[in-house]
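Q: Below is the structure I would like to discuss, written out as structure tokens.
The values are calculated or read from the model by the stated rules, or taken from the named source; none is laboratory data. Everything numeric here is computed off the predicted structure, so don't read it as measured data. Heads up, the Cβs are rebuilt from the backbone with ideal geometry, glycines too, and the neighbour counts pull from every protein chain shown.
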Ligand SMILES: [Zn+2]
Ligand SMILES: [Zn+2]
């Protein structure tokens, strides 16, 4: 079942891109720049292989980890919700029912049309992993974006250095120059795209928001301002706690995509009221 997620063109394209970037960085640019036989060349190849392997591991974790579905026995705690910060977002139990699944859905859960089910703490559906990014694989997704950003930066620097240092003489053929330009544009473009995505998710993590909640919060803040009030995201329990809730309490495991033992049920979450 999980293996079926690999049967997708975007997932295949990611494998192809990762393989291509790895091959040209190590066997074309590093080889041409310092030579793989030199100590600088082999050390750089080792470091880049390390980051590329972590990229691949995080990618596999994202694809294979179930983002988290709503338990079939789930029934909302109606009495508790009246005295909770979660109540304003809830707008009554009626609205937390999924019309498509014909079942209750917890706070922060949303129905995904692609997955055809409700996903706990849904962030978004990502076609590149052919899976939803939700409660159980969000950490793996963020860690993947982190390693992919580092790897593309590394690749871009090696490509640029090799291009600058190369002895471009008149005998160098046109296709070689075009190949160097394409690889440079590709790695620099990848770095800026992934870096922007990483910055966005660092912002979301520090505010304990999902992508869906961020867009809801913009609207809620605008409505609150109109009525002279201020809006605060109910799950934003402070930067440090927000980070540990997602990446885990042990800093040494923050960048391990499979270290997710700290993740709770995905149905109840600490709120600002719990802190006061
Ligand atoms: Zn649903
Ligand atoms: Zn989905």
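Q: Quickly run through segment 102-143 and pick out the residues that are modelled with pLDDT under 95, within 9 Å of ligand 1 (Cβ to nearest atom) and part of a strand (DSSP E or B).
A: 103
Q: Inside segment 27-49, can you point out the residues that are over 29 Å from the mean Cα position of the chain (by Cα) and over 15 Å from residue 166 (Cα atoms)?
A: Hits for segment 27-49 are 36, 37, 38, 39, 40, 41, 42.
Q: Within segment 122-139, how many residues are in contact with a strand residue (DSSP E or B) (Cβ under 9 Å, 6 or more places away or on another chain) and either touching a residue at least 40 places away in the same chain (Cβ under 8 Å) or buried (at least 24 other Cβ atoms within 10 Å of the Cβ) (or both)?
A: 10
Q: Also, quick follow-up: Give me a count of the residues in segment 164-196 that are touching a residue at least 24 places away in the same chain (Cβ under 8 Å) and part of a helix (DSSP H, G or I).
A: 10
Q: Just checking, which of 34, 24, 63 is touching a helix residue (DSSP H, G or I) at 6+ places or on another chain (Cβ under 7 Å) and without any contact (Cβ under 8 Å) to a residue 40 or more places away in the chain?
A: Details: 24 fails: without any contact (Cβ under 8 Å) to a residue 40 or more places away in the chain; 63 fails: without any contact (Cβ under 8 Å) to a residue 40 or more places away in the chain.
Result of the check over 34, 24, 63: 34.
Q: Here is a further query. For segment 235-253, which positions are in contact (Cβ under 8 Å) with a residue 24 or more places away in the chain and either under 26 Å from residue 56 (Cβ atoms) or part of a loop (DSSP other than H, G, I, E, B) (or both)?
A: Within segment 235-253, 235, 236, 237, 238, 243, 246, 247, 248 qualify.
Q: Can you tell me which condition residue 153 does not meet? The list is (1) farther than 30 Å from residue 251 by Cβ; (2) away from ligand 1 (no atom under 16 Å from the Cβ); (3) over 16 Å from the mean Cα position of the chain (by Cα); (4) modelled with pLDDT of 95 or more, and all the others hold.
A: The one condition residue 153 does not meet is (1).
Q: Which residue is modelled with the highest pLDDT, if the candidates are limited to segment 88-101 and must be surrounded by 15 or more Cβ atoms within 10 Å (Cβ to Cβ) and more than 16 Å from ligand 2 (Cβ to nearest atom)?
A: This residue is 96.
Q: If you check residue 11 against the conditions, is it surrounded by 16 or more Cβ atoms within 10 Å (Cβ to Cβ) and closer than 18 Å to residue 59 by Cα? Please lay out each step first, then the result.
A: On the way: surrounded by 16 or more Cβ atoms within 10 Å (Cβ to Cβ): yes; closer than 18 Å to residue 59 by Cα: yes.
Here the answer is yes, as residue 11 does meet what is asked.
Q: Restricting to segment 14-30, what's the tally of residues that are surrounded by fewer than 18 Cβ atoms within 10 Å (Cβ to Cβ) and within 25 Å of residue 2 (Cα to Cα)?
A: Selection size over segment 14-30: 5.
Q: Those residues that are under 17 Å from residue 187 (Cβ atoms) and either modelled with pLDDT of 95 or more or surrounded by fewer than 18 Cβ atoms within 10 Å (Cβ to Cβ) (or both), I need them from segment 31-54; list them, please.
A: Scanning segment 31-54 gives 31, 32, 44, 45, 47, 48, 49, 51, 52.
Q: While we're looking at this one, here's another question. Condition first: assigned to a helix (DSSP H, G or I) and surrounded by fewer than 15 Cβ atoms within 10 Å (Cβ to Cβ). Can you find one or more residues in segment 227-234 that meet it?
A: Of all residues in segment 227-234, those assigned to a helix (DSSP H, G or I) come to none.
No: zero hits.
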